[in-house]
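Asks: My questions all concern the structure below.
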Amino acid sequence: MRDRTLLRVEALELHYQTRQGAVHAVDGVSFDLHRQEALVVLGESGCGKSSLAKALMRLLPRNVHHTAGRVSLDGVDVTALPDERFRREVQWSRMALVMQASMNALNPVVRVGEQVAEPLRVLRGWPRGKALARAAEVFELVGVATDFLARYPFELSGGMRQRAVLAMALVAEPALVILDEPTSALDVLTQASIMNALKRVKRELGTSFILITHDVATSSELGDRVALMYAGQFVEVADAERFFTAPAHPYSQMLMASVPRLRQRARPEAIPGEPPSLAAPPGGCRYAERCPYRFARCAQDPPAFRLGERHRARCWLHADDAQAGGSA
Ligand SMILES: Nc1ncnc2c1ncn2[C@@H]1O[C@H](COP(=O)(O)OP(=O)(O)OP(=O)(O)O)[C@@H](O)[C@H]1O
């Protein structure tokens, strides 16, 4: 039987060089992603979500200070591949990224259909007609009428442009698509309809997704699993249902309490304080400063304790509940 695990990430690090010193944007992130599974990476602005996407895709800016860790796709360690092979065999063809605000990055003078078909021409060398025919199919899958293929980006609404960008990422049928804030610039109805289109893609093409967002409502739409990121680290990874109903980490609990609900008497709570600077992250637990349960042990860096099947929380409060196999 084929292994269910599509992606395995172990101790991934990405630090940037800045005038203030090294910024620890991704600092020891580990997780697994199964085939046809959607993992939501949730976190406040600046916690390192986009950097994680860039590290996975190896789209690194020039001021990288240090990278480390291991990324395996389909059981193959892709971190070991030289850049040229990674670009040829992995980037975009097996693992694609829809970057933040990419709907504004479509080429204004090229018809949308040509742009959606381009990955097939470049990556697979398909002739124009065949690539356009496939682009039309993917267009329909993400909810765009095929006559839009002949239009220019300025003739499309924001929602349609975002779907075109999704179609471009999906057209070569990568096993994994990373979506960085794919709907944050759109109105709620358009957001909902794009989320529905993504669910259809997941079902029909069997694609796995990593959905990056700061919005809890968006995350609950598509996510099978949730990873909560704080100051460059994953503080909790759990099944979505577990995360939304019984989160284990104090930060996850505060985050859930800060989400306004329709039938709620008590006012949603804001989380006091601010995340630490990633240029000088504190030793010990990075959330300790803001945590109401802080105790002496939090001065040491907590490992990710294993609380159940594929459930981990990086918090000393769970040291005693951790299952055999302990931290990981
Ligand atoms: N090229 C870079 N050089 C230096 N620092 C960077 C660079 N890119 C990002 N950072 C810093 O790294 C940290 C993480 O940034 P990142 O964009 O990954 O966070 P994010 O969670 O995606 O935030 P947002 O939701 O606002 O996009 C921030 O402190 C940011 O200022």
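Read the figures in this text as sums done on the coordinates, not as results from a lab. On a predicted model such as this, the values are computed, not experimentally measured, just so you know. In this analysis, Cβ positions are derived from the backbone assuming ideal geometry, glycine residues included, and neighbour counts consider all displayed protein chains.
Asks: At a 4.7 angstrom Cβ threshold, list every cysteine in the chain that has nobody to pair with, or say none.
Replies: Cysteines lacking a close Cβ partner in the chain: C47, C291, C315.
Asks: Just report the Cα centroid separation between the stretch 70-125 and the stretch 169-232, whole Å.
Replies: 17 Å
Asks: Also, quick follow-up: Can you give me the long-range amide H partners of A304? Hydrogens built in the peptide plane at 1.01 Å from N, cutoff under 5 Å, separation of 5 or more residues or another chain.
Replies: A328
Asks: With +1 on the Cβ of every Lys and Arg and -1 on the Cβ of every Asp and Glu, and nothing else charged, how large is the dipole of the stretch 77-183 about its Cα centre, in debye rounded to the nearest 20?
Replies: So the magnitude is around 340 debye.
Asks: Choose one of A238, A53, P282: the residue whose Cα lies farthest towards the positive end of the charge dipole of the chain (beta-carbon charges +1 Lys, Arg; -1 Asp, Glu; about the Cα centre).
Replies: A53
Asks: Let me ask something else. Just to be sure I understand the model, the point goes 7 Å from the Cα along the line to the Cβ. What's the resulting A145 to R19 distance in nm?
Replies: The two pseudo-label positions are separated by 5.3 nm.
Asks: Please give the calculated 222 nm ellipticity per residue for the chain, where each DSSP H segment of at least 4 residues contributes -39500 (n - 2.57) and the sum is spread over every residue; nearest 500 deg cm²/dmol?
Replies: Dividing the helical sum by the residues of the chain leaves -8500 deg cm²/dmol.
Asks: Considering only F139, A164, V188, whose Cα is most displaced toward the positive end of the charge dipole of the stretch 75-205, charges sitting on Cβ of Lys, Arg (+1) and Asp, Glu (-1)?
Replies: Of F139, A164, V188, it is F139.
Asks: Relative to the present Cα-Cα distance, how much length would full extension add between R4 and E289 at 0.36 nm per residue of separation?
Replies: 98.8 nm
Asks: Run the simple label-point estimate for Q253 and A133 please: 7 Å along Cα→C-beta, distance reported in nm.
Replies: Going by the 7 Å Cα→Cβ label model, 5.9 nm.
Asks: Now a separate question. With +1 on the Cβ of every Lys and Arg and -1 on the Cβ of every Asp and Glu, and nothing else charged, how large is the dipole of the chain about its Cα centre, in debye rounded to the nearest 20?
Replies: 320 debye
Asks: Taking a cut-off of 29 Å between Cα atoms, list the lysines near K49, but don't count ones fewer than 8 places away on the same chain.
Replies: Result set, ordered by chain and number: K199, K202.
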